[in-house]
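Some notes on the structure that comes next.
The values are calculated or read from the model by the stated rules, or taken from the named source; none is laboratory data. The structure displayed is predicted, hence computed values, not measured ones. All Cβ positions, glycine included, derive from the backbone under ideal geometry; neighbour counts span all protein chains shown.
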Amino acid sequence: MRKSLLALGVVTAMSSPVMAADYSDGDIHKNDYKWLQFNLMGAFNEKGPGSDSTHDYLEMEFGGRSGIFDLYGYVDYFNITGDSDSDKSGSDKLFMKFAPRMSLDALAGKDLSFGPVQEVYIASENIFYGGATEAQYKIGVGSDVIAPWFGKMGLNLYANYDNSKKDWNGYQLSTNWFKPFYHFENGSFISYQGYLDFQFGMKDEYSQSSTGSAMFNGIYWHSDRFAVGYGLKLFKDVYGFEDGVKSPFGNEENESSGVGHYVSVTYKF
């Protein structure tokens with residue numbers, strides 16, 4: 001079976017026992033792999049600035065490893081049905097995230113693991129949306145860690161640069177997980193997968209709240225070629241938009257805290 005893939009914006013994680021990364025033999029490509037999948041998505045009551053949003057979208061999600069580089073990314077295209085009543089009708093169609101990490105273990109040719117930390121990275125996360133200047137660039141330190149029951153998890157800490165403001169604005173702590181917990185005789189399985197992004201230290205002049213968070217909790221059925229799943233996402237002043245106060249983009253109040261729901265059908269290449 002191909003490497004298990006995380007859906008909806010999280011980094012690939014392995015369900016089998018994981019050994020620390022050791023590149024002292026000079027072979028930095030021994031752990032190389034790549035994957036690509038398309039997700040047909042439905043979002044219901046998604047929270048954010050202004051009123052909550054219900055919409056459809058198509059997501060191309062990809063990732064892999066090549067030498068010192070680890071990559072995760074996706075491109076979303078909203079309102080693929082062209083529904084004039086959609087929350088995304090008349091708005092920007094594209095949202096992109098690219099999150100490359102550079103392995104310090106592979107770069108140094110040494111095993112830098114310690115305790116539960118299996119590999120150490122220089123990590124980045126780059127988000128592009130809206131107009132030409134609408135972008136967020138995050139840079140920091142990343143790691144793969146072993147957690148009880150969950151197994152291998154990604155754990156990254158970033159500083160955030162807001163390209164539209166031309167200034168640094170707070171920090172983000174991110175983790176993600178992928179845990180198969182029920183296996184069928186035909187090789188398919190059910191997994192609990194998700195991620196947590198916690199932003200803090202955001203400046204008053206740029207954000208309504210100094211903190212914001214989003215936690216995705218998904219239950220997915222996976223086969224070699226397909227996946228079907230449901231995700232429950234918890235929001236709290238997400239992206240620094242304070243719940244219940246006037247939106248910076250209109251006269252309505254933010255619905256930036258609460259629960260959103262997602263369904264998806266995936267085809268794996």
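Observations
- Residues (polar (S, T, N, Q) and either touching a Gly at 6+ places or on another chain (Cβ under 8 Å) or in contact (Cβ under 8 Å) with a residue 12 or more places away in the chain (or both)) located in region 235-254: Ser247, Asn254
- The listed residue being at pLDDT 95 or above and farther than 30 Å from Asp243 by Cα, out of Asp25, Asp32, Asp111, Asp70: Asp70
- Restricting attention to region 32-45 and to residues that are surrounded by 20 or more Cβ atoms within 10 Å (Cβ to Cβ) and touching an Asp or Glu at 6+ places or on another chain (Cβ under 7 Å), the residue that is nearest to Asp56 (Cα to Cα) turns out to be Met41.
- Test: residue in region 219-229 that is closer than 19 Å to Gly48 by Cβ, assigned to a loop (DSSP other than H, G, I, E, B) and touching a strand residue (DSSP E or B) at 6+ places or on another chain (Cβ under 8 Å): no
- Residue match in region 96-104 (condition: surrounded by 15 or more Cβ atoms within 10 Å (Cβ to Cβ), over 20 Å from Gln199 (Cβ atoms), modelled with pLDDT under 95 and under 18 Å from the mean Cα position of the chain (by Cα)): no
- No other residue among Ala147, Ala135 is closer than 19 Å to Gly201 by Cα, among the small types (Gly, Ala, Ser) and in contact (Cβ under 8 Å) with a residue 24 or more places away in the chain apart from Ala135.
- Of all the numbered requirements in (1) within 18 Å of the chain's Cα centre (by Cα); (2) more than 22 Å from Lys233 (Cα to Cα), Asp197 misses one, and that requirement is (2).
- Qualifying residue in region 133-147 (condition: among the β-branched types (Val, Ile, Thr), buried (at least 17 other Cβ atoms within 10 Å of the Cβ), touching a helix residue (DSSP H, G or I) at 6+ places or on another chain (Cβ under 8 Å) and modelled with pLDDT of 95 or more): no
- When region 175-206 is limited to residues that are polar (S, T, N, Q) and more than 26 Å from Pro248 (Cα to Cα), the one that is surrounded by the fewest Cβ atoms within 10 Å (Cβ to Cβ) turns out to be Asn186.
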